[in-house]
Amino acid sequence: MIGIAWRSICNRWPTALLAVLAIAMSVALILTVEKVRRDARSSFTQTVSGTDLIVGARSGAIQLLLYSVFRIGNATNNISWESVEDIKNRPAVDWLIPISLGDSHAGFRVVGTSKDYFTHFRYGDKQPLKIAKGAIFDDVFDAVIGSQVAAQLGYEVNTPIVVAHGTGSVALVEHDRQPFRVSGILAPTGTPVDQAVHVSLEGIEAMHVDWRNGAEVKGEGTDSDTIRRMDLKPAAVTALLVGLKSRAAVFREQRAINTYREEPLLAVLPGVALQQLWNLVGVAEKALLIVSICVVFAGLVNLMSVLLAGLNERRREMAVLRSAGARPGHVFLLLCIESTVLTLGGIIAGLALHYVLVALGSLFMQNQYGITIGLAPPDLTDLKILLAIAIAGLLAGTLPALQAYRKSLADGLTQRL
Amino acid sequence: MIKSPEAIVQLDNLQFIWPGNVHATLDIDHFSIGQRERVFLKGPSGSGKTTLLSLIAAVLSPQNGRIVVDGISLDTLKGGQKDQFRVDRIGMVFQQFNLLPFLSVQDNVQLPCKFSKQRRATASQSHTITEEANRLLRAMRLPLDDIKDRPVTELSVGQQQRVAVARALIGRPPLIIADEPTSALDSDTRQAFLALLFAEVETAGSALLFVSHDASLAGSFDRSVDLTDINAATDNEHQDSFA
């Protein structure tokens, strides 16, 4: 029977190919969407790692995460330098990275920080930041730029840059009296770090030396060397990334910071906050999944329509089989075998197409964002999806098969043309 | 169950009415075909020839009367048994389009052996089924080496009909039913086709029920029956359903 079914399919290969193609497309789509979904989720949750607490002025956990890690939105308030010193001196604290936001360069955020940023910041699977070219900032007017900043603006080491006040992409007021210089370019990370211009906290202060109450003081301005000799200790920072000596202390430290008496502060666990944020973003992910499920459904409907449409023109074939002794059950089986073969063919072709898409996509991602996507064999979730599609394909085949069964019963041996 | 040694087909007091019709299409008092007998059944189109064949092949069931084929009373058979009965005991040849276009000539001939254990067993008695198929094809004067691997659609209609006969004969079913097998052939090939059919039906030891409206063929048969003579239901207006 399998031989007969196979040769019958080969005889009608153009329509069979279309059905296989439709299933292949839907399989490839749902697998790719699933992969993108999972990779997006993991790259999202791996934007920051190795940090035990994120500290900022008291607001919401998601808001704090958004501006400190994703550099989206603005802080409502700052942390005074005294509080930073207090937290730094707590015995459980191993290291802390100060982050000072509020300025931009050509639409990219300027991040004021310390050298600890480059030694302690971790992303992904606890990977440290790497300098691709040049060196970490040493001078007040040095800047270390992310890979995308360098790529999009065409900056090299030693390119002079001017920083603007405010965070719009159109420079509002430029701090053009104190031009900075690119001292180093970071290797791509696939995180918001790629889109940041990093300067020292002193650099941030230096930019604002001639500013009072948000406006530039008239006059010649202070020259760079004078500024370098000034005391540029920052008065406040926007957020802190804190690393503890022992993770076990994390809840105690969080409580201590949240109940800090001198200033209203908020400490959040990055993992928890990321999860909360993902739950918000997850709606889009679900929509994506629903769309790909619909595509799979469309593929199966197409399979069914190919089989059903074929039935009428195959009535003669059925009658010949019947007159040669095939029972209606055989005819039913024939159609079921056919839908199975088409579904399996579609699944195999779809799997191949999926890998081609992922390979091409990872090439693009590597070039564009420096993110590597691995070509992994199908995991358990993928296999479950494939199994579900296979079963659905079989079910889609039973309706035409049942139709053929009924027709071959009704037609008997007469050959209606 | 009456086993009649001399009759392969026996009809008694048969009445058949198509659903929705008032008058019977067939009303046959008695009709039989003997072992190895070659019977020519003629009658104008719409006279119920195909209906009669469908009754003998257990595709249709009569309202009244009894049909016994090869010792089996058809009214004792259930759905699946009818299919098994048909493939085991009856070889069929139709007017045209007897073959599956996507199977080779050999595979088309061997098709009934896939569905009938009995015919498979008979066909493989002295040699393999493939050899038996080849023997039949050669006996039907088909250029075996030439057509073996060609798609059946490239064969002429005459050749296709001879392949169909080879298929009907494989596994030596006791009864061959041929429903207008020559109507798509021209008169020269028609006679040659008949000669080959007779020779092989003889070799297989089967009985032949041959239906045609072409009375010129009747001469070479053992017996010629006009359906209008044996059918008492003569006022037959209903024609389309038997096509």
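The values are calculated or read from the model by the stated rules, or taken from the named source; none is laboratory data. A quick note: this is a predicted structure, and the numbers were derived from the prediction, not measured. Reconstructed Cβ throughout: ideal geometry from the backbone, glycine too, with neighbour counts over all protein chains shown. Protein only, heavy atoms only, side chains kept; ligands, DNA and RNA dropped before computing areas. Shrake-Rupley method; radii C 1.70, N 1.55, O 1.52, S 1.80 Å.
The figures follow:
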{"quantity": "Theoretical ellipticity at 222 nm over chain B - DSSP helices of four or more residues, -39500 (n - 2.57) apiece, nearest 500", "calculated": "-10500 deg cm²/dmol"}
{"quantity": "Signed unit charges on C-beta, dipole axis of the stretch A:53-268, positive-most listed residue A:Gly102, A:Gln127, A:Val149", "calculated": "A:Gln127"}
{"quantity": "Positive-end extreme of charge dipole, chain B - chosen from B:Ala58, B:Gly171, B:Val225 (charges on Cβ)", "calculated": "B:Gly171"}
{"quantity": "Interchain or long-range residues, amide H under 5 Å from B:Leu208's placed H", "calculated": "B:Glu37, B:Arg38, B:Val39, B:Ile176"}
{"quantity": "Test item: A:3-11 mean partner chain Cβ contacts at 10 Å", "calculated": "3"}
{"quantity": "Span-like helix ranges in chain A, DSSP H, alpha carbon extent 30 angstrom or more, Kyte mean at least -0.5", "calculated": "A:13-45, A:270-313, A:328-369, A:380-411"}
{"quantity": "Percentage of interatomic Cα-Cα distances in the stretch B:1-139 larger than 28 Å", "calculated": "28"}
{"quantity": "Translational D in µm²/s for the stretch B:55-135 (Stokes-Einstein at 4 °C, 1.567 mPa s, Kirkwood Rh from C-alpha pairs)", "calculated": "90"}
{"quantity": "Whole-number accessible area per residue in Å² for the stretch A:276-335, which is evaluated in the context of all protein chains at 1.4 Å", "calculated": "46"}
{"quantity": "Portion, in percent, of the accessible area of chain B that falls on carbon or sulfur, probe 1.4 Å", "calculated": "47"}
{"quantity": "Antiparallel bridges, percent of DSSP beta bridges restricted to the stretch A:53-268 (to nearest 5)", "calculated": "80"}
{"quantity": "Kirkwood Rh (inverse of mean 1/r, distinct Cα pairs), the stretch A:53-268, angstrom", "calculated": "17.7"}
{"quantity": "For the stretch A:32-173, convex hull volume per residue from C-alpha positions, Å³", "calculated": "157"}
{"quantity": "Shielding by other protein chains, B:114-122, mean Cβ within 10 Å", "calculated": "2"}
{"quantity": "Normalised alpha carbon radius of gyration of the stretch A:278-404 [divisor 2.2 N^0.38 Å]", "calculated": "1.42"}
{"quantity": "Accessible-area value, A:Lys115, 1.4 Å probe, nucleic acids and ligands omitted, Å²", "calculated": "100"}
{"quantity": "Cα-based Rg and Dmax for the protein assembly as shown, where Dmax is the largest Cα-Cα distance (Å)", "calculated": "43.3, 131"}
{"quantity": "Estimated dipole of the stretch B:1-111 in Debye, rounded to 20 [Cβ of Lys and Arg +1, of Asp and Glu -1, Cα centre]", "calculated": "100"}
{"quantity": "The stretch B:120-225 - charge dipole about Cα centre, Lys and Arg +1 at Cβ, Asp and Glu -1, debye rounded to 20", "calculated": "280"}
{"quantity": "The protein assembly as shown: antiparallel DSSP beta bridges as a percent of all, rounded to 5", "calculated": "70"}
{"quantity": "Largest to smallest principal axis extent of the C-alpha atoms in the stretch B:7-235, angstrom", "calculated": "53, 38, 31"}
{"quantity": "Accessible area that becomes buried as B packs against A, both chains, 1.4 Å probe, Å², nearest 100", "calculated": "2000"}
{"quantity": "Peptides B:111-123, B:178-190 ordered by average Cβ neighbours within 10 Å, highest first", "calculated": "B:111-123, B:178-190"}
{"quantity": "Solvent accessible area, Å² - A:Leu308, 1.4 Å probe, full protein context", "calculated": "70"}
{"quantity": "Computed magnitude of the charge dipole of the protein assembly as shown (debye, nearest 20; Cβ of K, R +1, Cβ of D, E -1)", "calculated": "1420"}
{"quantity": "Kirkwood Rh and Cα Rg combined as Rg over Rh, evaluated for the stretch B:1-57", "calculated": "1.00"}
